[in-house]
1. If you go through the range 131-187 one residue at a time, how many are assigned to a helix (DSSP H, G or I), farther than 18 Å from LEU110 by Cβ and more than 27 Å from the chain's Cα centre (by Cα)?
2. Specify the residue that is farthest from LEU246 (Cα to Cα); the eligible residues are those in the range 319-339 that are of a type in the set (A, V, I, L, M, F, W, C) and open to solvent by 20 Å² or more (accessible area, probe 1.4 Å).
3. Report whether or not TYR248 is in a helix (DSSP H, G or I) and crowded, with 16+ Cβ neighbours inside 10 Å.
4. What are the residues in the range 117-132 that are open to solvent by less than 30 Å² (accessible area, probe 1.4 Å) and among the charged types (D, E, K, R), if any?
5. Given the conditions (1) more than 21 Å from the chain's Cα centre (by Cα); (2) touching a residue at least 12 places away in the same chain (Cβ under 8 Å), and given that VAL105 satisfies all but one, which numbered condition is not satisfied?
6. Residues that are over 18 Å from the mean Cα position of the chain (by Cα) and at pLDDT 90 or above: find the helices (runs of 4 or more DSSP H) completely inside the range 318-400 holding 3 or more of those.
7. In the range 77-86, which residues are of a type in the set (Phe, Trp, Tyr) and exposed (fewer than 13 other Cβ atoms within 10 Å of the Cβ)?
8. Of everything in the range 301-313, what is in contact (Cβ under 8 Å) with a residue 60 or more places away in the chain and either of a type in the set (Phe, Trp, Tyr) or open to solvent by less than 20 Å² (accessible area, probe 1.4 Å) (or both)? Give them in sequence order.
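The values are calculated or read from the model by the stated rules, or taken from the named source; none is laboratory data. As the structure is a prediction and not an experimental result, all values here were calculated from the model. Glycine gets a Cβ as well: all are built from the backbone with ideal geometry, and neighbour counts include every protein chain shown. Quick note on the areas: whole protein, heavy atoms, side chains included, nothing else; ligands and nucleic acids left out. Shrake-Rupley method; radii C 1.70, N 1.55, O 1.52, S 1.80 Å.
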Amino acid sequence: FLLLFIYTQPRFISPEENGLLSLFSSSLLFLMPILSFGILQSASIDIFKMKKQEFSDYFTSAMILPVSVFLIAGTSFFFLRDFFQIHYQFPYSFSLLIPLVTFLVYINDLFVGLLRDKSELRKYAAAGITKVVLEFGLSVILVVFFAMRWQGRITGIIVSYVLLSLYAFWYFYKNGYLSGKIRTKYIKDELIFAVPVIAMSVAIFALNTADKFILAKLSKSNEEVGIYGVACSLGSTIIIFSSAYLTYLLPKLYQMLASPDINYEAIKKNFIKYVILIASVLVLVIVTAPFIYKYLINYRYSKALNYFYLIAIGYFFWTINTYFYALLLYHKQKRKILFLSLLIIPVAIGCIYYFTNLWGAGGAAFGLMLSYFITLLITIYFVRQYLVRIFTPKYKNISE
């Protein structure tokens, strides 16, 4: 976000190239849920439920799944390279880079998730700061001083994730997570849990990234996608604050839910604080957006101001939805997660496609906001039993 004033200057990266980068990032989000198999969610929950050796066996067994998907995805993307080049102007190198970077992102997310859950705050902070410095520092050097344009941006991403992943594997080995016994039970459990989680993640992909692919297909212009994608990057400030706060909040939520005497009043207070924080960020982002576009972002992107507020409001709806998803994931409500996801996917794609076809980029923003709002209503219905218990003091335990 802070480097938009560099990345939106055509002498460094053109709007068309930003469109390509936006589609690259969206492709990672598409592949990520399939590769991760829901392990990121399971690991963050099971580390509180399992003993150390039991968790090591689970971790070692579960690691087989993403490695297998990485190899399959790499082969599949290689054979589909002509399709992506024709329809989305992907260079052939993306057929290797997308599966590789997705796997590295998965390893990094798994690593920092464990650091968070184990309250290793210094290592957590060091990992985050190192990634930012490596990724954006190297990207700026390559883009500004070596004129590598979009290739320099992607090179910074790759180098930072490779180095952090090497350290992550050393951390996994040092803590015994890679020396556990491979147990088919854990693999089967993950495969069963993966079905609804992958469906949920595909639904999240439909909500978060389908707009860019649909806009690219209907407008046939990566420049339009680039302008729209920068607006999404600015609006994602809301999601950044949400993710940062949830990084702190969710482990506390899981610990409270795992307690035999659940403190629902504390859960309610934490949720209210979360909503107030994100609503404040929403107002701040919308109010300051005209200033940011006028002074920090190249004028070619300014037409996105006509629909930026729709994207920001949509992201606000999504951040509230993310908290409710955590309740379903903790209780591993596989059937509810699956049904919820199967409802969301057609809603998201239908809304975004219809309004994008009607109004272009502004329609994509409106469809995005509407799909997030409908998704929030559907999710509230699916988690209503938990919300009643949180907001009604007489309940003391959640019984399934």
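1. Within the range 131-187, residues that are assigned to a helix (DSSP H, G or I), farther than 18 Å from LEU110 by Cβ and more than 27 Å from the chain's Cα centre (by Cα) number 4.
2. Ranking the candidates gives PHE339 first.
3. When the stated conditions are applied, TYR248 does not pass them.
4. ASP117
5. Condition (1) is where VAL105 drops out.
6. Filter on the range 318-400 gives 334-359, 361-382.
7. Answer for the range 77-86, where residues must be of a type in the set (Phe, Trp, Tyr) and exposed (fewer than 13 other Cβ atoms within 10 Å of the Cβ): PHE78, PHE79, PHE83.
8. TYR301, ALA304, TYR307, PHE308, ILE311, ALA312
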